[in-house]
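Each reported figure results from applying straightforward, stated rules to the coordinates on display, with no laboratory input. Bear in mind that the values here come from a model prediction, so they are computed numbers and not experimental data. All Cβ positions, glycine included, derive from the backbone under ideal geometry; neighbour counts span all protein chains shown.
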Amino acid sequence: MDETGGKILRAPKGAWRRSLTAAAAIALLASALTVPLHGGASQATEQGSEDPGAGSEALSGGGEFAPGEQPTLLGVAQPDRTIELTVDGEPDFEYQWLRDGEEIAGATDRSYTYEPVPAGDPEIAVRVTDAGDGSDAAADGAETAATPGEPETSGDGEVSEGGDGAGDGEEDVPSESLDGAAADGAERPWVVLSANTAQLAPTIADASGAPVVSGVIRVGQVLTAQFEARPGYEPTFRWLRNGERRKDAASMREAYTIRSADLLSELRVEVTQTSSSGAKIVGTSAPTPLVSQGILPKLSPRISGLMKVGERLTVTTAKPSLNTALKINWLRDGKIVSSRTGTSYLLTPSDLGKRISVRVSQSKSAYAPGVETSARTPKITIKGTLASTKPRITGTVRAGATLKLKRGSWTSGTKFTYQWYSGGKRIPKATKSSLKLTKAHNGRLIRVKVTGKRTGFYDKAVTSEPASIKGLRGPRNKNGWAWPTDTRKYGYGYHDGYSVDINSTAGGPIYSPYTGVVVKVGGDGGGVPWVCVVNPGWWRGENQTVIIRHKYKGKTRYSSVNHVARGSSKALGIKAGARIKAGQQIATEGMSGCTSAPHNHFLIKKSVGNYWGDVKPETYIGKPRR
């Protein structure tokens, strides 16, 4: 400041034109007023490079500036970055930083920490004023520069608010001022604006509208960055966890899936928009609330299966989309059934009258536990069916022998009762797992019925296959033939050709009428005859037969016995191809086929068959007793 009242001198336009040195100085000064933040050397630098001598002479004043030097700015105009002024020496200068030509309040130090502004790309410069007494400037022949917009002084040192200078309406400064002195001989402070060095592409904060994080702040959810796109700028993204800038690829996308590691952390997104010239606009969102636990996808458990004791129920769920740990608990009327943790559940008698449901729990780090319970089943009302295998008798039927039962495998916990049968009739007091045989049992079909019982299950009765029989031998006639039953009487005479019904005791032995070879044994496959269609109560199931081929006096004859007990021939060891003796027991009476009472339908044929006898049987087996 000077004694004229602290006013900075304005150089009249015409005055500077009188000297090449002054013209170069004012040209450089005018061109160095401001430097855009978009980078590159200022216009002042470019023009000065064309005539270094002119620039050097114009800025040689001030004492501490080296010849050819102009104050320059070092630094990058980015938020919280410092811009410094480079000046050789340590002169007593005053500084004022400018933004778009306007003074920045409080920015009067040798350096300036850049602060972003709401909009635009401001131009930053610094005004340097020599605040000394000017003696050094006088000694070195410094020139006085003027700042536009300030009051001018007249040649006698008085302040003029505007005058009519020669030729252009401004008052000329006397030519002596070009030598660094005012008309009254006093030195004036000089003022110079910096030029800017070439800068990096500046980055400024997007103060006009920071990006916003959109989405649910839970682990597993997807967040997106919403921001105001600048025309001509290309955006990039970076997600931050608790302020830490992530470097992985997933953290550098517009959308971000919250991870388990983000639990209880704050997330931000930094959006950088870059122009083709390299200028950048950076905006950082406000921090999110702390990331909460994720919610696992629902599995929607469902129960399927037959609602019956002894059957298995199965739980099905949706396929887990995450690698979660699953736990299954089955419930009976809403209470957990201990030890039932698999995907299937075996219904027990304890479940009768109860409703079953299943609870599926899934867990995963950083996720809230997921617990779902299925709908309850209807009440379990159907009893179970006992599992069993066929009982088996060991031993052979003959007087004095003992038969023993092998009952097979049954449902665990089943209790048993037994009943032995001879020829289809219950043997009194034969209720143990073994049977001592008597003479009355000889040649008879012996079976045992096993009945299983268990709470919650229906009773189940299973009858064994017949015990092996030591066959009897029936009486034979003089011709070598034998009567086929133990009762030598007809029940019904000729019918179905020469077929006859021969009486027999219930369960009694059936004999082979003559020596021969078994052709067929077992069911005849004939179906239901018409008489049983009329009398359906007579039908006892498929008729069981034994057909034997005989050779007698050069002739071939075929005999057949019918209505024998199912399985009796097998118990006797009779099978197709077996050679049989006359009177040998081949079956027992059994009421199979269509019959109203125990008997044997017997016939002899010239060909194989068990119907329509074409040979009178009396010719071979003799006549019945009357």
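Computed quantities for the displayed model
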| read-out | value |
| --- | --- |
| Overall form of segment 296-373 per C-alpha gyration tensor (a/c, 1.5; a/b vs b/c) | prolate |
| Estimated vicinal HN-Hα couplings, Hz - segment 427-435 in sequence order (Karplus 6.51, -1.76, 1.60; Gly, Pro = x) | 8, x, 6, 8, 10, 9, 7, 9, 9 |
| T619 versus L322: modelled label distance in nm, points set 7 Å from Cα along the beta carbon direction | 9.5 |
| Dipole in debye (nearest 20) - segment 296-373, about Cα centre, beta carbon charges: Lys, Arg +1; Asp, Glu -1 | 40 |
| Sorted by Cβ neighbour density within 10 Å, fewest at the top, the residues V533, V448, V518, V397 | V533, V518, V397, V448 |
| Cut-off 12 Å between beta-carbons: net charge of the residues surrounding E244, Lys and Arg +1, Asp and Glu -1 | +2 |
| Which of K425, K280, K478, K379 has the fewest Cβ neighbours within 10 Å, and the rest in rising order | K478, K425, K379, K280 |
| Separation of the Y494 and V608 label points, Cα + 7 Å toward Cβ, nm | 2.8 |
| FRET efficiency estimate (nearest 0.05) - Cβ-Cβ, Q226 to T113, R0 30 angstrom | 0.50 |
| Under 5 Å, built H, 5+ apart or other chain: amide partners of Y511 | T485, I586 |
| Total charge dipole magnitude, segment 386-469, about the Cα centre, Cβ charges on Lys, Arg, Asp, Glu only, Debye to nearest 20 | 180 |
| Lys, Arg +1 and Asp, Glu -1 on Cβ, resulting dipole of segment 206-284 about Cα centre, debye, nearest 20 | 200 |
| Stretchable slack from K553 to K429, in nm (0.36 nm times residue separation minus alpha-carbon distance) | 39.5 nm |
| Ratio Rg/Rh, restricted to segment 359-422 and using Cα atoms, in which Rh is the Kirkwood radius | 1.42 |
| Coordinate range along principal axes, alpha carbons of segment 234-284, Å, largest first | 39, 17, 14 |
| Given charges at Cβ of Lys, Arg, Asp, Glu: segment 490-621 dipole, positive-most of Y620, A587, G522 | Y620 |
| Cβ-based net charge around V518, under 11 Å, with every Lys or Arg adding one and every Asp or Glu removing one | +4 |
| Volume per residue of the C-alpha convex hull in segment 505-626, rounded to whole Å³ | 110 |
| Along principal axes, Cα extents of segment 563-619, largest first, whole Å | 32, 31, 18 |
| HN-Hα J in Hz across segment 467-475 - Karplus 6.51, -1.76, 1.60, θ = phi - 60°, x for Gly and Pro | 6, 4, 10, 7, x, 8, 10, x, x |
| Options A261, V216, G278, ranked by Cα towards positive dipole end of segment 206-284, top entry (Cβ charges) | A261 |
| Cross-link pairs K551/K616; K335/K364; K555/K605; K406/K460 - those with Cα-Cα distance over 19 Å | K335/K364 |
| For peptides 544-554, 333-343, sequence by mean Cβ density within 10 Å, most packed first | 544-554, 333-343 |
| Estimated Rh, segment 386-469: Kirkwood, alpha-carbon pairs, angstrom | 13.0 |
